[in-house]
Every structure is written in C-alpha cells, then in structure tokens.
Amino acid sequence: MAKDKLTGSEIVLKVLAEEGTEVVFGYPGGAVLPIYDALFKQKTIRHILVRQEGGAVHAAEGFARSTGKVGVVLVTSGPGATNSVTGLTDALMDSIPLVCLTGQVPTHLIGNDAFQEADTTGITRPCTKHNYLVKSVDDLARQVHEAIYVATHGRPGPVVVDLPKDVLQALADHGPAPRREAHKSYRPQTRGKQDAIDRAMDLIAAAKRPIFYTGGGVINSGPRASRLLGELVRKTGYPITNTLMGLGAYPATDRQFLGMLGMHGTYEANLAMYHCDVMVCIGARFDDRVTGKISEFSPHSKKIHVDIDPSSINKNVLVDLPIVGDCATVLAQMLKRWDEKKYRPDTKALAKWWQSIDGWRKRNCLAYEHSGTVIKPQYALERLQALTAGKDVYFTTEVGQHQMWAAQFLKFDRPNRWMTSGGLGTMGYGLPAAIGVQVAHPKALVIDVAGEASILMNIQELSTAAQYRMPVKVFILNNQYMGMVRQWQELLHGGRYSESYMASLPDFVKLAESFHGVGLIAEKPSDVDGVIAEMLKVDRFVIADIRVDQTENCFPMIPSGAAHNQMLLGPADKAARPISEEGMVLV
Amino acid sequence: MDDKTIERHIIAVLVDNEAGVLARVIGLFSGRGYNIESLTVAEVDPRNARSRITVVTSGTPQIVEQIKAQLDRLVPVHKVSDLTEEGEHVARELALVKVRGSGDRRVESLRIADIFRAGVVDSTARSFVFEITGSTDKIDAFVRLMEPLGLVDISRTGIVAIARGEKPI
C-alpha cells in the first residue's frame, strides 16, 4: 500500500473528522465492513452501536437537535439502508441536519440484485434533502464534504451518501481539507430583502392586535435566533405562541408566552391567532396541525412570513409579506430597523388586546379533573415539571397523547431542550432520540416522555442505553391504549375501539431490569412524586411505568376540519359540535 | 393570487447533468401531485455538464409558484425560469409521423405534408415517415389530417422553448 494514499474508508473518516464530527451512530454489516475496520484503527471518532438502524437515525436526530450540529449515521447496504428510511423521512419533515452513510454493493454488482443490494439512492430520493451515490474514490472526499454542507445550510435536512464497497477499499490521494468554496448551485439566501424588512416593521409597529407565531426554524437557526426573538418580543410587548417544533425558542414561563398553538394548543394562543390583525410567522410553515380549517384561518390578519425555504411561502396559506432568509439574520435586521425608526407599539391598543387575551387565559384551558385514586396523565406531567424545575432537562417524546400533554405541561425556557417528532409523527422516536441527546450531553438529565405503545416500537434501544451506561429516563404514561387512536375513535368513530387496546403488555419493571436498568411503577397519585424522585436519583437508565387513567382525552382540541375559534375545551364540549363530514376525511 | 384558474406554464430548468437528476424532477412532480404535460431534457452545455429541462405544467397560480420554488430548492438545479410569465418566448415541438397507405391516400398525405412543410425522412413503397416541427397546435392539426390517410405511429419530443430577445436563461 502506497504510504501517501488512503483507502476510501479512511478518507470518509478523515473528512468527517475535518468537519468536526465526534460521534457516529451506526450498525455494521457486510458492505460497510471496510469503514468499521478503519474506525477500529482510529480514535478521533466515537461510534455508538445501536440495536436497529432506525434507532441510529433517531439517535442522530436527538444529537443534532440538542447540539445544533450535524448528526452522522453509518449503516450497511440493503436492510441497513431501508431501516433508516423512517428516520430520514422524519428528519426531512422536521428539518434536522443529518448525514447518513450507507454501504452499497460493489459498483460492478449494482443493478444485479446482489446480496443486500437495494436501490438506496432511488429509495431515499424523496425522503432526503439530497443524496449521492459515490462512483469513484476520487469523488469521495468532495462528495462527503458537500453532503455535510447541504445538510447544514439553508433549511437543514438529511443527506444520504451511498458508498459502494469497492470505493471504500480503493486507494486515492487525500490532501489537506479543501477550502470551502461556494457551492456551484445550492446557495440559499440568508439575508432578508431590506425593503421587505422595512415594510414588515411598519406593519408590526402599527399593529393593534399582533401576534408572533414562531416555529422550529428559530431553533434550527441557532441560539442567537432565540435570543434575538426574545429581544424583539420584549421590545414590542406583543404576545407570542410557538409551534410544537418551536417550543423553547421563547421562555415558556414568561408572561408574553401564550403556550403552544394548533390542534392541541391553548385556547388563548388559538384565539389570538384567529383574532389578530398582524401575524408575524417566523420559521414556521402553516402546517395543517397549526392552521385547522384553512379558509377560516386567521381571517382578519396581515401575515408576515419569515422562512429560509422559499417553497414554504404561500404553500398552505397566502401571506401578505414574505421574507426569505435565515431567522437569526432576519431578526437582527428587524431589531435594527425597530431601533433606527424608534418605533413604539400602540400601547392603548395593545392594552386592550392583552385584556382580551387575559380573558381567554382565564378559561384555564389545560384544567383537568383531579382524582385521588387514578393518576391523571396531566398530573404526572405537572409533577414531573415541578420536580425537575430549575434543572437543565432535555426532554424527548414518542408520538401520541403523551406527546401533546408533554408539550402542554412541560415548560421550556431554552432552545434545543425539546426533541419530538413533529412533522412525521414517528412512534418510537423518543428513546433513541434520548440516547442521542445523552451522547451529546453525558452529564445532563434526559427524559423520554413515552406512551406504552410507542416505546415498544424501538424498545431494543434499551440495550444501547445499557451498553454505554446512559442514565436515560423513560417516563411512560401507560394507559394500555394507543391513546390518541383511542381518543379519535371515541370522538369520530362512535367509540369503536378497533385494535387500539394494547393487550399483553410487558411488565415494564422486569423489562428494565432485564436490560440492566431500573424499573419503577406508580399506580396511584400518591406514588407519583416518590417514583419521580427515585427516577432522578438513580444513575442508570430507568423505566418509570406510570399507570394513568385509561380513558383520559387530550384537550383542548381543534377537531379536524374546524377553525381556531371552534375548539373543544373538554369532554362536555364534544357532544355540542359533531365533527363535520369534511373533517372526517382529514387525518 | 387566491385564484383558482388553471394556467399552463412552460418552465425551463437548468440542472447539473448528473445521475438521478431527472428522477428528482419527475419524483417531485409525482410526489406532490403536480401535472406534467410534457418534459424534454438534453445536455446543452457539455463543458460544464449542464442539461436543460423544459417542462410544461398546469395549475393554479399558487401551485405554479410552488412548483417553481420546489424545483429551485433541488440541490443540482442552477436556475428555474418561467418562460410563460417572463414574457415572449418561442416554443416548438418536433414530431415523426408514420403514415401507411397507397394510391390517392398516399398522394394526399404528401400534399398535406407539403402544406405543413413537413419533410419526408423515410419512405417505402407503402409508407412515409414525416418530420414536422412547429407549435403543439400545428402538430396536432397535422396529426389529425393524417389520421384518415393511414396514420400508424407518432413520436413527439414535447415542447422545447426559449425566451425571445438577447438575454439567456
């Protein structure tokens, strides 16, 4: 072997190291054995061995979302690649920067139905931001660098690099890291057009019933964006609501924060959206879970939309003033303009607006009926919030009722502390994501708020947590149902609970123990505090099996096909307003 | 723009000529439920390995705006240009039309081909292949006239288009 040449595998690792990668989540297999061999011989990059490739992608997502860095995945060809498809789609929907390196059969076998061959670039084309099939070792370094650039610039997203085994074994020169030149075609616009900023600030300053509606784009833009958002919101004194993806961008404990909006958002946030006269959407995309019925969405407002992705603009909702740019850059431009023009909000109108909002707040829409005998899921989360307040906690969730309750009852004061599958709604996301977060923050408290159905979808990752001694806490709100499915069946399908009951659940305490962790169980409200305290004390992974009310529903709720001002506030509300036929066909 | 009228647009897309780029464009249209009336692609700048895709699509103004934005964010796409919106342009199609027959019908087909300035690029004792270029309407009209005269096969390129005037895409 010539001394100045490197193998493809060594080049891959060298490029990753040059890009600052410290950790890779993966699972070995035939086609990627050369990379695993190269990994074995170096110390720069750490490898976390998951138990299924889907877990690797979610773990990388958790890593990326809690750090703002790119998450890196390494899987083999065929089933390794196909198992990662759900995670890639999840990362695409939630705009999470990932690079997924997939093994591939040698180039001369491609198209031959070789063992563990799959058309990975074909399969992942619609579920990645971009993908590459590296056909020559001479292109390898450039393409891996480019993959990381594409994943992290503009609207972030997952990028697949498919690596045929012969390319990994071939030799090539590898000089110093190339200077980053402008990409030949992909150059997203980060600075907002000044005339649009000027017009936006005129509109914002003159607003009588304004609202900031901000999303995951602010988180993705980095902590500076959240800081600048806070500055602008406080300067104006205007109310702010966050999407599910955007929680933490503005402190939840602040008075100006109205809580999450959307299908299970708060009464005050949704009514403020409905009645506002100026809506400032920053880094959010008017998702159907946010807007409800489009034709009745915020009918009286002028809408400003800041987004780095031009295709998000006017996709679902037509806006009056689009601004294409990076959230932090645009927020800085907005603040500069606000200060230059010495704008002052219309305090009289604003006082009246806050009066309306405070009236809606008084409805106390998250109230629930307490019980002395059954654990209400909301109660369990209230206690979890209370007993972890003041700590720097990273929360992940699975998908379903527990996710929505977590979004309602947990208070995020900082960005990058909340990892949940928003766009795709992937059950099984939370545990591997929590593992990824724990890898990034070994000393931090990481809690996966889970449901008993979701957790079983990636339960094998407990073995990963055990192997690396990760003290991840899995807080299961166990109602023995796929709770959100059950809720929709109750509200929309005449209470016919078709296949939503979780029969033959495992004993979660024994399950935890069999994976070398600790299992705890709470069966009545008086157990909850003790279980949480014990969970926080244990220095190993914990499953806390919280046996909650089986029939509790998640409110408030905007039924499918309804508008923001037609929320159901609780069980008593549902009979009065049957769900429309158009609503029935929506997801 | 909240208007529901369906408009037909010719969009030119300059892309890197690399593996999978056409699949990306087509997948975008099928995955998001957009229409493709026709699509042509060929390399136009071998030195820089650039291809030009001409796609004819239709939709409401909001959908057409979406299509352009979605195309523009594909990584290998250099430029998206809506020729319909940007003003005067020339749009042409080429068709090869095979007509089989004898006697009067054969003579008549030749006569019509002459009127349409279609050339004969292949002939046998019982058939012609005509080559015709022009607007879609012109080719449609030619094809209609050939139908009763023994039309047996057609191959059409779909539209290629370019803006009038001196400016490139």
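In summary, A:Met279 fulfils each of the numbered conditions (1) over 18 Å from A:Ile219 (Cα atoms); (2) surrounded by fewer than 23 Cβ atoms within 10 Å (Cβ to Cβ) with the single exception of condition (2). The set of residues from segment A:135-157 being within 19 Å of A:Ala17 (Cα to Cα), more than 11 Å from chain B (Cβ to nearest Cβ) and outside any helix (DSSP H, G or I) is empty.
For segment A:422-450, filtered to residues that are in contact with a strand residue (DSSP E or B) (Cβ under 9 Å, 6 or more places away or on another chain) and over 20 Å from A:Ile48 (Cβ atoms), the residue that is surrounded by the fewest Cβ atoms within 10 Å (Cβ to Cβ) is A:Met427. Taking the conditions (1) within 23 Å of A:Thr241 (Cα to Cα); (2) out of contact with any Gly (no Cβ under 9 Å at 6 or more places or on another chain); (3) crowded, with 24+ Cβ neighbours inside 10 Å in turn, A:Ala407 satisfies each one other than (2). Once segment A:85-133 is narrowed to residues that are free of Cβ contacts under 8 Å to residues at least 12 places away in the same chain and assigned to a loop (DSSP other than H, G, I, E, B), the residue that is surrounded by the most Cβ atoms within 10 Å (Cβ to Cβ) is A:Ala114.
Buried (at least 24 other Cβ atoms within 10 Å of the Cβ) and assigned to a loop (DSSP other than H, G, I, E, B): which single residue out of A:Ser9, A:Ser66, A:Ser77 fits that description?
Numbers: A:Ser9 fails: assigned to a loop (DSSP other than H, G, I, E, B); A:Ser66 fails: assigned to a loop (DSSP other than H, G, I, E, B).
Every option except A:Ser77 fails the conditions.
Out of all the residues in segment B:101-109, is one or more surrounded by fewer than 17 Cβ atoms within 10 Å (Cβ to Cβ) and either within 14 Å of chain A (Cβ to nearest Cβ) or in contact (Cβ under 8 Å) with a residue 40 or more places away in the chain (or both)?
Narrowing segment B:101-109 to residues surrounded by fewer than 17 Cβ atoms within 10 Å (Cβ to Cβ): B:102-105, B:107.
Narrowing further to those that are either within 14 Å of chain A (Cβ to nearest Cβ) or in contact (Cβ under 8 Å) with a residue 40 or more places away in the chain (or both): B:105.
Yes: segment B:101-109 contains one or more residues that are surrounded by fewer than 17 Cβ atoms within 10 Å (Cβ to Cβ) and either within 14 Å of chain A (Cβ to nearest Cβ) or in contact (Cβ under 8 Å) with a residue 40 or more places away in the chain (or both).
Would you say B:Ala69 is under 28 Å from A:Pro156 (Cβ atoms), within 11 Å of another protein chain (Cβ to nearest Cβ) and at pLDDT below 95? So B:Ala69 fails the test.
Condition first: among the polar types (S, T, N, Q) and within 14 Å of chain B (Cβ to nearest Cβ). Can you find one or more residues in segment A:371-381 that meet it? Walk me through it before giving the result.
The first filter runs over segment A:371-381 and keeps only residues among the polar types (S, T, N, Q), leaving A:371, A:373, A:378.
Keeping just the survivors that are within 14 Å of chain B (Cβ to nearest Cβ) gives none.
Among the residues of segment A:371-381, not one is among the polar types (S, T, N, Q) and within 14 Å of chain B (Cβ to nearest Cβ), which makes the answer no.
Can you find, within segment B:133-151, the residue that is surrounded by the fewest Cβ atoms within 10 Å (Cβ to Cβ) among those that are small (Gly, Ala, Ser) and more than 23 Å from B:Asp104 (Cα to Cα)? Give the steps one after another, and end with the answer.
Initially, segment B:133-151 is screened for residues small (Gly, Ala, Ser), giving B:134-135, B:141, B:150.
So of that shortlist, the ones also more than 23 Å from B:Asp104 (Cα to Cα) come out as B:134-135.
Numbers: B:Gly134: 18, B:Ser135: 13.
Per the criteria, the residue is B:Ser135.
Applying the selection to segment B:1-33, what residues are under 17 Å from the mean Cα position of the chain (by Cα) and within 14 Å of another protein chain (Cβ to nearest Cβ)? Break it down stepwise before answering.
Start the filter on segment B:1-33 by keeping residues that are under 17 Å from the mean Cα position of the chain (by Cα), which leaves B:7-14, B:22, B:25-26, B:29.
If the condition is that a residue be under 17 Å from the mean Cα position of the chain (by Cα) and within 14 Å of another protein chain (Cβ to nearest Cβ), then B:Val13, B:Leu14, B:Leu22, B:Val25, B:Ile26, B:Phe29 are the ones that fit.
Taking each residue of segment B:73-99 that is closer than 30 Å to A:Thr128 by Cβ and looking for partners that are of a type in the set (Phe, Trp, Tyr) with beta-carbon atoms closer than 6 Å, six or more apart or interchain, yields B:Val75/A:Tyr186.
Screening A:Gly262 with (1) crowded, with 23+ Cβ neighbours inside 10 Å; (2) on the phi < 0 side of the Ramachandran plot gives one miss only, at (2).
The values are calculated or read from the model by the stated rules, or taken from the named source; none is laboratory data. Just so we're clear, the structure is a prediction, and the values are computed from it rather than from any experiment. No Cβ is skipped: glycine too gets one built from the backbone with ideal geometry, and neighbour counts run over all protein chains shown.
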